[in-house]
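Everything on this sheet refers to the single structure shown next.
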Amino acid sequence: MSRTYSYTLGRKAYRFDGLAQLMAKATPGRSGDRLAGVIALTAEERVAAQMALSDVPLKTFLEDLLIPYEDDEITRMIIDGHDPEAFAPISHLTVGDFRNWLLSDQATPDVLASIRPGITPEMAAAVSKVMRNQDLIMVASKCQIQTAFRNTIGLPGHLSTRLQPNHPTDDATGIAASILDGLLYGSGDAVIGINPARDNVPQAMKLMQLMDEVIQKYQIPTQSCVLTHVTNTLEAIEQGAPVDLVFQSIGGTEAINSSFGFNLNTLAEAEDAALSLNRGTAGNNVMYFETGQGSCLSANAHHGLDQQTCEARAYAVARKFNPLLVNTVVGFIGPEYLFDGKEIIRAGLEDHFCGKLLGVPMGCDVCYTNHAEADQDDMDNLLTLLGVAGCTFIMGIPGSDDIMLNYQTTSFHDALYARRALGLRPAPEFERWLTEMGIFTDANGPHLNDLIPEQFARSLGNVPGVTSND
Amino acid sequence: MTEGNHSPSTDSLWDRLQAFTDARIGLGCTGVSLPTHQLLAFQMAHAQARDAVHWPLNVEALCEQVMAIESPFTIEPPLQLQTQAADRMTYVQRPDLGRVLSSESRQRLHQQTEQPATASDLAIVMVDGLSALAVQTHAPPFLEALLGELEADEHRDWQLAPLTVVQQGRVAIGDDVGELLNARAVLVLIGERPGLSSPDSLGLYLTWGPCRGLTDADRNCVSNVRPAGLRYPEASSRVVHLLSESFRRQLSGVQLKERTDDDVIEHKAGSKNFLVS
């Protein structure tokens, strides 16, 4: 540890006390790194750090560990799980060379897939720091990660959506109304996922049941998830609940995960439990993880690292457990970590790039809170950029307004915009269902039916206060 | 689904469903995009939420309302405290400063309580958080419901620490205050980040054995307290249940899961999943 790094610019020498400091100072500016006191003090110092970082050999990241091996089970997982054979083709490169290599025509989707087990999150974070937004988009678009449960997620040219029918009191009619609205806009192929208003086992089981009944009745090729604590889902499985996906918020250090109340063993146990239910028909990816820059710092569990490096380490946690979906909730944490639209957009592209490079099915909750300096225009920009980058999935919520979590994310309309403007399609099994149900009138594009499709129309007589002839 | 091409039954459907949710359902579309009036309605809601973030707490008025609560507990004027975040812009960008009392406020707590402070069961801390409107509006009626229930508790004669109001505070400020007041547990009433449809949502955070340096895993949260969300009596029952369990097991947080017979939220008559029934 504590090797020093330096860069000489004319007569001025910049010294960086350790790899963690070098990484932090090389990071494009953001409020969370300022809050942590690890940010570059001047614009020149940042670029000097980027220049010094670009000269660091990738091999260094296997020796100069940012969080000591003895102190952190995630460091141990990263180092013990590193695959030297997969690493061999890039083992001679520096960080700067690595950027060149990633952008080169040599780095085809197949080659990128083959080196994944040789890339550590620290290498991914390091190279992202010397990449511009267009580089992050270009390389991510070459990374293909396919997963499956009841449908196939992540095929090239596809953009999936999580239908997020949250309700502040988990009201069954209110949730069903949002689910119906979303399905009629073609949303929900990644997952129908509810953040419960109350985080306990019986409540979670009630919501699991509700979604399972809808999926069964309409034979929707998708999966459900209640975003409750992993230990709650484990209990629900024991009690016989219809669990498709196990959710957990994860971070990149043992300390943050401990503050969330779980460790790697808990996740392994949860994956095993969900697999034992054998509910997938197209595949067996049973985990759904959420992440976001700044979470480690907010729990004082960052070990002096910059927030983007911590975030990349969370993807190493994710990939260990074969997730169906990983979602960076990029603007949720607030302006103390990502101050404005520019910082949120940069972070969203970094997270998507690092996740894809490491091999996780990366989606993005393109979002902001009302105390951040951001608005719908910023979200349009990030959504469009991520669509170009081949983002696996985004959220879908009625009118962008999450009335339970109090933040704004992408709407059902936004997903249709991205699909139409960029020629992207839902998961193939789900798209067939949309066409069969008469929700999309044209199999080749998201053209919506003006009328409520017949099978749903029949159920509407059940809406309190509506008669079927209404 | 096209704007101007709703069938009467479709319009009627979304009208009925809107009685069960504030979610922006049934917005219609032009092509696949939002109609103009819906676009502008959203922009207005966002503008109002932005303004709510910066709306300052009227501490004097809050203290008066709290003292007007009819309760068997003796309610002294709440102690008025500040964090190290001096203003709103600092507060928004520096959560660390919002978790620590200013040195003046720290001294004030020392002066106004016996030293060392007499041990008490519960410190109740009202904090502006990201929506002063929420605390201003909902803290007094919630407190009235809570104090009523605590008084009626047959299992414990609750000893309350002096009430406090903190400006520019985060949830963890309760740890600082609770520790200084020598309370066995702390309950923080704080304004949650304003949503477009709910600029006034109150959050309640319970922590056993408050002291600086605890994390979110050590707390239990009851969220979205407001008449259109979780109503005062239900919120108060939840808190009292959590408190009893917390005192029984001498802990809070992840290890203290919510468990009661009425764990599953009960809804208004007729609420059901119409898609399958």
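Under the definition of partner shielding as Cβ atoms of other protein chains within 10 Å of a residue Cβ, what is the mean value for peptide B:217-229?
3
Express in whole angstrom the spacing between the alpha-carbon centres of region B:165-239 and region A:165-231.
27
For region A:69-142 and region A:327-348, what is the separation of their C-alpha centers, rounded to whole Å?
23
Once the dipole of the protein assembly as shown is set up with Lys and Arg at +1 and Asp and Glu at -1 on Cβ about the Cα centre, which of B:158, B:227, A:154 lies farthest towards its positive end?
Positive-end residue among those listed: A:154.
Which of B:158, B:14, B:55 moves most in a GNM of chain B, Cα contacts under 10 Å?
Comparing B:158, B:14, B:55 in the GNM, the peak value goes to B:14.
I'd like the antiparallel share, as a percent to the nearest 5, of DSSP beta bridges with both residues in chain B. Please report the intermediate quantities before stating the final value.
Values: 14 of 31 bridges.
Looking only at bridges with both residues in chain B, the antiparallel portion is about 45 percent.
Going by amide H atoms built from the backbone, whose H comes under 5 Å of the H on residue A:325, apart from near neighbours?
Residues meeting the criterion, in which the H sits 1.01 Å from N, are A:287, A:289.
Assigning unit charges at the beta carbon (Lys, Arg +1; Asp, Glu -1) and nothing else, what dipole magnitude in debye, to the nearest 20, does chain B show about its Cα centre? Please list the in-between numbers first.
Values: 23 positive and 35 negative charges, 164 e Å.
With Lys and Arg at +1 and Asp and Glu at -1, about 780 debye.
For region A:1-57, what is the relative contact order in percent, using Cα pairs closer than 8 Å and at least 6 residues apart in sequence?
Once divided by the residue count of region A:1-57, the mean separation gives 35 percent.
For chain B, with a Gaussian network of springs between Cα atoms less than 10 Å apart, report the residue from B:54, B:138, B:37 with the top mean-square fluctuation.
B:37
I need the shape label for region B:70-183. Rule: rounded when a/c is under 1.5, else prolate if a/b > b/c, else oblate, with a, b, c from the alpha carbon gyration tensor.
oblate
Counting only other chains, what is the mean number of Cβ atoms within 10 angstrom of the Cβ of each residue in peptide A:205-216?
2
Classify the protein assembly as shown from the C-alpha gyration tensor, please: rounded if a/c falls under 1.5, else prolate or oblate depending on whether a/b exceeds b/c.
oblate
Enumerate the amide H contacts of residue B:228 below 5 Å, restricted to partners 5 or more residues apart or on another chain; note that Pro and chain-start residues carry no placed amide H.
none
Do any chymotrypsin sites (Phe, Trp or Tyr not before Pro) in region A:313-353 lie in a loop, going by DSSP, with at most 10 other beta-carbon atoms within 10 Å of their beta carbon, and if so which? Don't skip to the end; give the middle numbers.
Working: sites: A:315, A:321, A:332, A:337, A:339, A:353; in loops: A:321, A:332, A:337, A:339.
Qualifying residues, ordered by number: none.
Excluding residues on the same chain fewer than 8 positions from residue A:320, give the lysines whose Cα lies under 26 Å from its Cα.
A:59, A:129, A:142, A:356
Name the most mobile residue of B:30, B:113, B:207, meaning the one with the largest mean-square fluctuation, in a Gaussian network model of chain B with Cα contacts below 10 Å.
B:30
Counting DSSP beta bridges in chain A, what percent are antiparallel, to the nearest 5?
Numbers: 14 of 39 bridges.
Among the beta bridges of chain A, antiparallel pairing accounts for roughly 35 percent.
For every helix of n ≥ 4 consecutive DSSP H residues, a contribution of -39,500 (n - 2.57) applies; sum these over the protein assembly as shown, divide by its total residues, and give [θ] at 222 nm rounded to the nearest 500 deg cm²/dmol.
-12500 deg cm²/dmol
Of B:73, B:206, B:119, which is farthest towards the positive pole of region B:57-249's charge dipole, taken about the Cα centre with +1 and -1 on the beta-carbons of Lys, Arg and Asp, Glu respectively?
B:206
Search the structure for amide H atoms under 5 Å from the amide H of residue A:158, placed 1.01 Å from N in the peptide plane, and list their residues when 5 or more places away or on another chain.
Result for residue A:158 returns A:425.
Taking +1 at the Cβ of each Lys and Arg and -1 at the Cβ of each Asp and Glu, which of A:57, A:413, A:305 sits farthest along the dipole of chain A towards its positive end, judged by Cα position relative to the Cα centre?
My answer, from the dipole projection, is A:57.
Let me have the relative contact order for region A:25-169, percent, based on Cα pairs under 8 Å that are six or more residues apart.
Averaging sequence separation for qualifying contacts and normalising by length gives 21 percent for region A:25-169.
So what are the ³J(HN,Hα) numbers for region A:242-248, from phi and the Karplus equation (6.51, -1.76, 1.60; θ = phi - 60°), rounded to whole Hz, Gly and Pro as x?
x, 8, 8, 10, 9, 9, 7
No solvent, one uniform scatterer per C-alpha: report log10 I(q)/I(0) for region A:313-470 via the Debye equation at q = 0.09, 0.20 1/Å, two decimals.
These q points yield log10 I(q)/I(0) values of -0.37, -1.23.
Here, each number is a calculation from the coordinates, and none is a lab measurement. Note that this is a predicted model, so its numbers are computed, not measured. Positions of Cβ are backbone-derived with ideal geometry, glycine not excepted, and every protein chain shown enters the neighbour counts.
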